[in-house]
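*Asks:* First the structure, then my questions, so here it is.
The values are calculated or read from the model by the stated rules, or taken from the named source; none is laboratory data. None of the values given here were measured: they were computed from a predicted structure. Every residue, glycine among them, receives a Cβ derived from its backbone with ideal geometry; neighbour counts consider all protein chains shown. Areas reflect the complete protein model, heavy atoms only, side chains present, ligands, DNA and RNA absent. Shrake-Rupley method; radii C 1.70, N 1.55, O 1.52, S 1.80 Å.
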Amino acid sequence: MRYSALRLIKESLTGHKGWGPQWRDPDPKEAYDYVIIGGGGHGLATAYYLAKEFQGARIAVLEKGWIGGGNVGRNTTIIRSNYLLDGNEPFYEFSLKLWEGLEQDLNYNAMVSQRGILNLVHTDAQRDAARRRGNAMILNGSDAELLDTDGVRAMYPFLNFDNARFPIKGGLLHRRGGTVRHDAVAWGYARGADQRGVDIIQNCEVTGFRIENGKVLGVETSRGFIGAKKVGVSVAGSSSRVMAMAGMRLPIESHVLQAFVSEGLKPFIPGVITYGAGHFYCSQSDKGGLVFGGDIDGYNSYAQRGNLPVVEDVIESGMSLIPGLGRARLLRSWGGIMDMSMDGSPFIDKTHIEGLYFNGGWCYGGFKATPAAGFCFAHLLKTDRPHETAKAYRLDRFMTGHMIDEKGQGAQPNLH
Amino acid sequence: MIINHPLLGPRDAQEFTYLGDAGLINRPYWLSENALREFHDYLHLRDNPAGLHRELWFHEQGDRSWLVVTRDTTTHEITKVELARDVARANRAAEVMQ
Ligand SMILES: Cc1cc2nc3c(=O)[nH]c(=O)nc-3n(C[C@H](O)[C@H](O)[C@H](O)COP(=O)(O)OP(=O)(O)OC[C@H]3O[C@@H](n4cnc5c(N)ncnc54)[C@H](O)[C@@H]3O)c2cc1C
């Protein structure tokens, strides 16, 4: 069923009785050509592009809970293409271009809103770094503008400009960045994939791989064995656990990241702001809630909840940037488990096991990557060759010395 | 989280910085034949279990000792705290025994 204004008018005149479910709820078949493990944004996008762009047939997505219940439904919804390094920026620019056409492509309102992202700078050194990053972005086809203090003041007059320790000296503005309704991304891809014949199988946990003579034959699941010619793993924070079932150790640690939302307020933050002097970023949802977050808690965790020190740190940083924040009440906070890699960059690669492919290590930035990660993983699954924009995302890059370390922190996941 | 320091008693985890998998104590031998591969694995491939995890914490704002903390990553409950030095010595003793 196509969604359109006409359809909406018709349904509203007939009591909204004709909508129907957006995807089927099929039982697993005995075997598929492609099995994607993980019904998050990445897994669903992979199945969608596999079916649509690469003529893949007989595809299943296996999700242990319900689709959209993982990080795709827990993140702070920011999309952007403002990376520095060559291994990354072309990929994120490709992703942003896919976001720009996503709603027409999916015929689904994902509320893609290019409301702009402003990274504040507070020192001369930060301004230099921002200028360099901006140039790298422009070289890769993205957009960047360097604002001075007055430029920032014109956009956000309520920020704390006169902070004696961290005065606001300007910011790097990325106008095409913004936010997207995260759940709708999962649902839109699920509907699009389902329409192209993909079986989305929920409540189906993968509990093991069947591997013989170095070749994958299928997966053991809570709903029985499912055969597969190719298996793509896309399980975000569970990457180490799932790949351990194939006997692999990954350059990944799982960490918890928290996020916060305030009560609904009248619109006052039109875009996304990130603080350059503390761990804090903020945007305002269309419902009016301030959506904000900060740093990861910093220790391995699978608990899907964080601890109070980070709550305090985020609120303190927020208050020092937006003093008015103290007048708002906090409604909710939550945590999600992310796969932090050893250089802070992701993997889209084959494994040494024939037919087994891996997409993960997305850290706290995998939501913006959803369309391109899906596209590039589908490309790899179908052609056995990396997509042009994702060829740096190799699992062996620590061995060969081709790390993609945006922050230059080395093999210390909690610092990326 | 509260870390029960073997010498100082219960301390807030905020006084510590976190390094990760306690396997980092067991540095490979630099002249070994496969040193390159061993150091690659040592540095990048970590234990990352959902459940009990042995990990290194540094008491940065305290006595600056390294601890091995056994913690459940699904509940954050800490069940054991040892001085990293003791663990390293025990590891070495076990190696010599082999
Ligand atoms: C608080 C928070 C804020 C964030 N903010 C941003 C942001 O602003 N911008 C941004 O770009 N990124 C952000 N991220 C990161 C982003 O959310 C993730 O990188 C991204 O969503 C991960 O990909 P995914 O959507 O496929 O993951 P998920 O939605 O987590 O999908 C993985 C799925 O795999 C399933 N699974 C796991 N194990 C199994 C198994 N054995 N069998 C079957 N299924 C299994 C899980 O149930 C899950 O549904 C944030 C993350 C968090 C936690």
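*Asks:* In the range B:9-83, which strands (runs of 3 or more DSSP E) lie fully inside it and hold 2 or more residues that are touching a residue at least 12 places away in the same chain (Cβ under 8 Å) and within 8 Å of another protein chain (Cβ to nearest Cβ)?
*Replies:* Fully inside the range B:9-83 and qualifying: B:17-21, B:52-58.
*Asks:* Out of the range A:311-343, which residues are within 14 Å of chain B (Cβ to nearest Cβ) and either without any contact (Cβ under 8 Å) to a residue 12 or more places away in the chain or open to solvent by 20 Å² or more (accessible area, probe 1.4 Å) (or both)?
*Replies:* The answer is A:Val311, A:Glu312, A:Asp313, A:Glu316.
*Asks:* Could you figure out which of (1) of a type outside the set (Ser, Thr, Tyr); (2) part of a loop (DSSP other than H, G, I, E, B); (3) more than 13 Å from the ligand (Cβ to nearest atom); (4) within 14 Å of the chain's Cα centre (by Cα) isn't true of A:Phe375?
*Replies:* All conditions are met except number (2).
*Asks:* How about the range A:79-101: which of its residues are open to solvent by 30 Å² or more (accessible area, probe 1.4 Å) and within 11 Å of the chain's Cα centre (by Cα)?
*Replies:* A:Arg80
*Asks:* Any idea how many residues of the range A:29-59 are at positive phi and either at pLDDT below 95 or within 10 Å of the ligand (Cβ to nearest atom) (or both)?
*Replies:* Residues flagged as at positive phi and either at pLDDT below 95 or within 10 Å of the ligand (Cβ to nearest atom) (or both) within the range A:29-59 amount to 2.
*Asks:* Taking the range B:48-81 as the search range and keeping residues that are among the acidic types (Asp, Glu) and buried (at least 17 other Cβ atoms within 10 Å of the Cβ), which one is nearest to B:Leu19 (Cα to Cα)?
*Replies:* Filtering the range B:48-81 for residues that are among the acidic types (Asp, Glu) and buried (at least 17 other Cβ atoms within 10 Å of the Cβ), the one nearest to B:Leu19 (Cα to Cα) comes out as B:Glu55.
*Asks:* Can I ask one more? Residues that are surrounded by fewer than 24 Cβ atoms within 10 Å (Cβ to Cβ) and assigned to a helix (DSSP H, G or I): does the range A:53-70 have at least one?
*Replies:* no
*Asks:* In the range A:243-263, which residues are touching a Ser or Thr at 6+ places or on another chain (Cβ under 8 Å) and more than 30 Å from B:Glu38 (Cβ to Cβ)?
*Replies:* Listed by number, the residues that qualify are A:Val256, A:Gln258, A:Ala259, A:Phe260, A:Val261.
To keep it simple, each residue is scored yes or no on (1) of a type in the set (S, T, N, Q); (2) open to solvent by 30 Å² or more (accessible area, probe 1.4 Å).
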| position | (1), (2) |
| --- | --- |
| A:Ile348 | no, no |
| A:Phe358 | no, no |
| A:Phe367 | no, no |
| A:Thr383 | yes, yes |
| A:Gly401 | no, yes |
| A:Gly408 | no, yes |
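*Asks:* Select from the range A:170-215 the residues that are in a strand (DSSP E or B), away from the ligand (no atom under 15 Å from the Cβ) and over 26 Å from the mean Cα position of the chain (by Cα) and list them in ascending order.
*Replies:* Within the range A:170-215, the subset in a strand (DSSP E or B) is A:170-174, A:178-179, A:199-201, A:206-212, A:215.
In the following step, the residues that additionally are away from the ligand (no atom under 15 Å from the Cβ) were identified as A:170-173, A:211-212, A:215.
The answer is A:Gly170, A:Ile211, A:Glu212, A:Lys215.
*Asks:* Hey, another quick one. Of the conditions (1) more than 10 Å from the ligand (Cβ to nearest atom); (2) over 21 Å from the mean Cα position of the chain (by Cα); (3) within 14 Å of chain B (Cβ to nearest Cβ); (4) open to solvent by 40 Å² or more (accessible area, probe 1.4 Å), A:Met245 clears all except one; give me its number.
*Replies:* (1)
*Asks:* Quick test for you: out of A:Gly271, A:Gly288, A:Gly298, A:Gly306, pick the one residue that is over 19 Å from A:Phe166 (Cα atoms) and either without any contact (Cβ under 8 Å) to a residue 24 or more places away in the chain or surrounded by fewer than 18 Cβ atoms within 10 Å (Cβ to Cβ) (or both).
*Replies:* Testing whether each residue is over 19 Å from A:Phe166 (Cα atoms) and either without any contact (Cβ under 8 Å) to a residue 24 or more places away in the chain or surrounded by fewer than 18 Cβ atoms within 10 Å (Cβ to Cβ) (or both) leaves just A:Gly288.
*Asks:* Residues in the range A:216-250 that are in contact with a Lys or Arg (Cβ under 6 Å, 6 or more places away or on another chain) and part of a helix (DSSP H, G or I): how many?
*Replies:* Step one: of the range A:216-250, the residues in contact with a Lys or Arg (Cβ under 6 Å, 6 or more places away or on another chain) are A:217-218.
Those left that are additionally part of a helix (DSSP H, G or I): none.
Number of matching residues: 0.
*Asks:* Quick check, is A:Gly237 modelled with pLDDT under 95 and either open to solvent by less than 30 Å² (accessible area, probe 1.4 Å) or within 12 Å of chain B (Cβ to nearest Cβ) (or both)?
*Replies:* Considered against the rule, which asks whether it is modelled with pLDDT under 95 and either open to solvent by less than 30 Å² (accessible area, probe 1.4 Å) or within 12 Å of chain B (Cβ to nearest Cβ) (or both), A:Gly237 comes out as no.
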